[in-house]
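Student: My structure is below; once you've seen it, I'll send some questions.
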Amino acid sequence: LPMAFRDVNARRHIGLQQLSSLALAGRTLLGPMKSCKFIVDESTKQSTLICSVVRLMESLDLTSAAGQLLNETIQAQNKEFKTGMSTLLFLVGAWSNAVLECLQQNVPISPIVSVMSEGLNSCCERVQCLQISIHDVNKELCPSSVRPNDFKSKTCQIGCEGLLSPQISLSFQKDISTPEAIPINSCSHQEDDCNFNKRLVSSLASFGSVASLVKPVGDKSTSLISGSGGIASGCNKQKLTHSRYFSTLGKRHFSSEQGNFGGFLSGQSADPCECYGLRHLAMALSHGNETSVKLLQSIVAYQQERAEHSGSSQFNIAEIVTCCLLGLPESYSSVSPGFVTLVSPEQATVAKYLEDKPLQILLMDGDLTEQYRHLGFNRPCNVRTVLEHPRLQEGRAGDLWLSSTLDILLSFEVNLVLVKGNVCVNLMERCIANRILVIGSVTRDVLCVFREVTSAQPVTYLTQLNASCVGSRAQVELWKACDGRAMDLGELVPVRIKAQGIPLLTAVLTTTVASKMQLIEDQFWTSVYRLHHALNDEKVFLGGGAVELLCLSHTQMLAEQPLQPANENAVEEFHNPWLAASAMEYKSVVLQALASGWKQYLSVVMCNTAKAASELEACTSLDHHLKKAADSGSPSTYILKEFRRGDLLRDRSSPFADHRVYDNVTAKTEAWRRALDLVLLVLQTDAEIITGPKRNQLLNSPVSREFMFL
């Protein structure tokens, strides 16, 4: 048994090493100042510029079991949040290395799993004090002295008028006074967070905002790892400067000739702080992605203005689509009302013919092909068809279907068909000849929007079509750039489909570099989903490394505590008393390993953002912050103060250094949990592969521990 136990720690854990190696490829993708990568396809020799972990995973060799688990974990994070994948990937690598270091120090697997899990749970509870509600963020970003009348609008033609709005930067200074530091000894986490929240509310209130932050953390009396610490209000009198990023808001109107909405003029809003603050929040969540945030702010301005008149949601992600145009400079990127899509030159000719005409629209919820059958369709059993001349018969049947389908469209005078799936090529040609515009691969959200504004009812098969299913009042035209010219990009031509009162907005993304197109689209959707999740959570984290720095400080504080259990019930959490004793024995080592992951994360972010020239310099700066945080008596208060001053892990030479930075709450914490869960899963799987499942259970028993120390 002693030799077998040493084999678990000494033999190579291939899975953890594979995770570490794969995570190393995404090291430069961490932080706001990402370094893009060129991915070259060996078969086609074409290159693609990526700056996303999801795109990176598509290009890596993930044939190993650990690689497949990593890919599934990242895909799950991407599917649910569309953000946080870079953090997830890096922490997987950092904590894999941390676990390997624990194994080299002969730490048993059970203490590694239990202590790391409890440590991360404790961190997630501790950082709740750095959450700020969206309402308070909006009020803080929009001081009461600012009014919409202070700004002038600037519009750009998009067919008629677009949504590009100017940037206006303001600043103000205000004195903030807080009570002197009052050390509180032997207080619990609950008392620590309660007092901190009270001071945070009071401090933010001095900005003119009412901070309804986070409920106090409950007393986890049965937790294995429960740290105690003092709280002190360490904020002295200081000057705070805020940079403002505003865009204009105004009325929209429709032109009777073109059906476009006008630029936003200087109209009053019911709640100016909500309007301006929300658009500034989009900037703070974009982490410096200026191109995407301009488009997003235009979308927010339009949807907020529409919400005032219709009472709909102020930000609806289902009413946003993208259209990628290759061949135009990036300055041509804009937001256009309606549905902008790319069609062939032949279809563009039909669209040109149908301009300025009210169209009859048909929505197809499926493929427009002869062989298409809806999901769940059961073909008749025990039926066998015998064809005398198969090819000739099939040709006649296909011609018959094409003729009958075209007759149905012509009989209902349909001019425009939006199809969710694929379209038969032969039918497309016949429709073009009869001046019927058919567009395939339309998303369900787009179909739903056109159903609402045109009263069209989607059908699965054309045989279901009747007069009540056909919509009206749709229009189509060639998409026009900011200079008012229609674009003909050769193989594909952009067209715009619209209807009066349509809430759908298309972000038209342009670039002249083919390899950069996917990157621009990914960055735009990342900004959109960050704002979407922030509004759903109704709160955000302080950004710029503030949350991770508090996690690092808190984890180190827990590691330095005495080895005794936090309370008498701590041992009862484990089914086996030896596991509790073993966890407490190795608690400091494991927590230091967990903290090394946080420290490595912060140091790489600082290097990527040019805050530090090397990881050594970054670690030195972090140690300086940790010492000052510990000396202040309240790390959370110190971190908040440094965040407000803008001195927290921020590169002052960055063009976005003066802007506040925030992070999503749920997306970030879920990325942490998924990263650690994956590492611990691979750790236990490796152990079972090395020793076998039964032997692994035996090695974790108290008997094996006694033999180990003989």
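Student: Place a point 7 Å from Cα of SER59 in the direction of its Cβ. Which residues in the stretch 505-540 have their backbone N less than 14 Å from it?
Tutor: 514-520
Student: If packing is taken as the average number of other Cβ atoms within 10 Å across a peptide's residues, how do 292-304, 126-138, 17-29 rank, most packed first?
Tutor: Going from most to least packed, we get 292-304, 126-138, 17-29.
Student: Label points 7 Å out from Cα along the Cβ direction at THR443 and GLU101: separation in nm?
Tutor: Once both label points are built, they end up 4.3 nm from each other.
Student: Please work out how much length the chain gains when fully extended from GLU538 to THR463, using 0.36 nm per residue of separation minus the C-alpha to C-alpha distance, in nm with one decimal. Each step should come with its number before you reach the end.
Tutor: On the way: separation 75, 0.36 × 75 = 27.00 nm, distance 4.70 nm.
Gain in length upon complete extension: 22.3 nm.
Student: Follow-up. Using 0.36 nm per residue, how much length does the chain from ALA25 to CYS124 gain when fully extended, once their Cα-Cα distance is taken away?
Tutor: Details: separation 99, 0.36 × 99 = 35.64 nm, distance 2.71 nm.
Working it through step by step, the gained length comes to 32.9 nm.
Student: Between LYS627 and SER614, 0.36 nm times their residue separation minus their Cα-Cα distance comes to what?
Tutor: Contour length minus Cα-Cα distance gives 2.7 nm.
Student: Now a separate question. Give me the percent of the accessible area of the stretch 23-105 that comes from carbon and sulfur atoms, probe 1.4 Å, all protein chains in place.
Tutor: Within the stretch 23-105, the accessible surface is 49 percent carbon and sulfur.
Student: Can I ask one more? Which value, in Å², gives the accessible area per residue of the stretch 397-465 when a 1.4 Å probe is used on the protein heavy atoms?
Tutor: Values: 3220 Å² over 69 residues.
The answer is 47 Å² per residue.
Student: Distance cut-off 25 Å, Cα to Cα: go down the list LYS45/LYS611; LYS79/LYS139; LYS34/LYS420; LYS587/LYS611; LYS79/LYS420; LYS34/LYS139 and report the pairs above it.
Tutor: Listed pairs above 25 Å: LYS45/LYS611; LYS79/LYS139; LYS34/LYS420; LYS587/LYS611; LYS34/LYS139.
The values are calculated or read from the model by the stated rules, or taken from the named source; none is laboratory data. Note that the structure is predicted; figures quoted are calculated from it, not measured. Here the Cβ is made from the backbone with ideal geometry for all residues, glycine too, and neighbour counts use every protein chain on show. Side chains are part of the model used for accessible areas, which takes the heavy atoms of the whole protein and leaves out ligands, DNA and RNA. Shrake-Rupley method; radii C 1.70, N 1.55, O 1.52, S 1.80 Å.
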